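The values are calculated or read from the model by the stated rules, or taken from the named source; none is laboratory data. What you are looking at is a predicted structure, and each value in this text was computed from that prediction instead of being measured. As a convention, Cβ positions derive from the backbone with ideal geometry for all residues, glycine included, and neighbour counts pool all protein chains shown. The area values use the complete protein model at the heavy-atom level, side chains included, leaving out ligands, DNA and RNA. Shrake-Rupley method; radii C 1.70, N 1.55, O 1.52, S 1.80 Å.
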Amino acid sequence: MVKYVLHYFKGVNGRAESIRLAFKLAGVDYEEKNFEGADWPKLKPNYVTQETPSLEVDGTMICQSKAGLRYLAREFGFYGKTSLDAAFIDQAIDAVEDIWSEVNHVFQGPKESKPERVEKFLKEWVPSIYACLERLIGQKHAGDFFVGNSISVADLFFFAAADFVDVVSKGANSLEKFPKLVALKSRIAANPKIAAWLAVRPPEATF
C-alpha cells in the first residue's frame, strides 16, 4: 500500500484542500504533517521548490500543489476518460488557478493597503474568473460537472478555491451571482464521501 503524507501549514485549508478532497473522494488513507507558519523559514530548505503544500509518496516528495493533485487524479481516476477530457479538465484548472495567483498578491505587500487589495480581489478579480468558469459549465463537454457527469480533479480544485474566496470575504457567498457554479458546488458537496469530510473538517483560519 502506498504511503501518502500531505505537508502543509497547521490550521489552513487553502491550496491543500483540493488534495484532501481527492483523498476523501477516493477513500484512500493519508497522513498530514502540519507546521506553524513561524516554523516555515527553517523548514523551507527541506522542500525543493521551497513551497508548500507538498505531497510525499512513499518517501518521494512532489513539491508543487497542482503536480501532486494531478498525480493523485491520475492514480484515482479523476482525470476523465480520454485525452480530450483531460485537456478540458486542465482548461478548468488553469482558469481556477487565476484565483490562487491573485490571492498571493492580496496577502503580500504593505499591511496598510491590504483592505484595498482584498476589495479589488473580491469585486474585480474573482467575478471575472467566475464568469469564465460559468461559461465553461455551459460547454458541450460539460455535464453535471466541468467535464461529463462525474467529479473530476477540476471540480475539486474549483470547490477548494471557492471555499477560500468565501473565507476572504468573511463568509459571504461569493458565487451568489453565478447560478451554474452554485449548482456545481452543491453537487460536489452532496457527494457522500465529500459531505462526510465537510461535516468534520476543521474551520479555515481567518485572514
Margin query: I'd like to check one number: the per residue accessible area of the chain, probe 1.4 Å, reported in Å² as a whole number.
Written below: 52
Notebook entry, point to check: What trypsin sites (Lys or Arg not before Pro) in the range 144-207 are in a loop by DSSP, with at most 11 other Cβ atoms within 10 Å of the Cβ?
Noted result: 170
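Say R0 is 22 Å: what FRET efficiency, to the nearest 0.05, do residue 105 and residue 190 get from their beta-carbon distance? Before the final figure, lay out the partial values.
Numbers: r = 33 Å, r/R0 = 1.51.
That pair, residue 105 with residue 190, gives E of 0.10.
Could you give the longest part of the chain that holds none of the GluC sites (Glu not before Pro) found in DSSP loops with at most 14 neighbouring Cβ atoms within 10 Å? If you can, show how the numbers build up before the last one.
Working: sites that count: 36, 51, 176.
Longest stretch, sites excluded: 52-175.
Check each of the trypsin sites (Lys or Arg not before Pro) in the range 1-104 and keep only those in coil by DSSP with at most 12 other C-beta atoms within 10 angstrom; list them in order.
Working: sites: 3, 10, 15, 20, 24, 33, 42, 66, 70, 74, 81; in loops: 3, 10, 81.
Here the sparse-neighbourhood loop sites are 3, 81.
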Margin query: Can you compute the modelled spin-label distance between residue 139 and residue 176, with each label point 7 Å from Cα toward Cβ, in nm?
Written below: 3.0
Item checked: Net charge contributed by nearby residues that have their C-beta within less than 11 Å of residue 197 (K/R +1, D/E -1) -> +3
Notebook entry, point to check: From the square roots a ≥ b ≥ c of the eigenvalues of the alpha-carbon gyration tensor of the range 87-193, which class results: rounded (a/c under 1.5), prolate (a/b over b/c), or oblate?
Noted result: prolate
Next item on the list: Name the residues whose placed amide hydrogens come within less than 5 Å of the amide hydrogen of residue 32, ignoring near sequence neighbours (fewer than 5 apart) on the same chain.
Entry: 6
Item checked: Relative contact order (%) - the chain, alpha-carbon pairs under 8 angstrom, separation at least six -> 24
Notebook entry, point to check: For the range 14-170, rounded, prolate or oblate, judged on the Cα gyration tensor with a ≥ b ≥ c (square roots of eigenvalues), a/c < 1.5 rounded, else prolate if a/b > b/c?
Noted result: oblate
Check: So how far apart, in nm, are the two label points at residue 82 and residue 199 if each is 7 Å from Cα heading toward Cβ?
Finding: 3.8
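Which percent of the accessible area of the range 1-126 is formed by carbon and sulfur heavy atoms (probe 1.4 angstrom)? Numbers along the way, then the final one.
Working: 3490 of 6890 Å².
Carbon plus sulfur share of accessible area: 51 percent.
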Notebook entry, point to check: If each of residue 114 and residue 35 carries a label point 7 Å out from its Cα toward its Cβ, how far apart are those two points in nm?
Noted result: 2.2
Check: Which value, in Å² rounded to 10, gives the accessible area of residue 141 with a 1.4 Å probe and all protein chains present?
Finding: 40
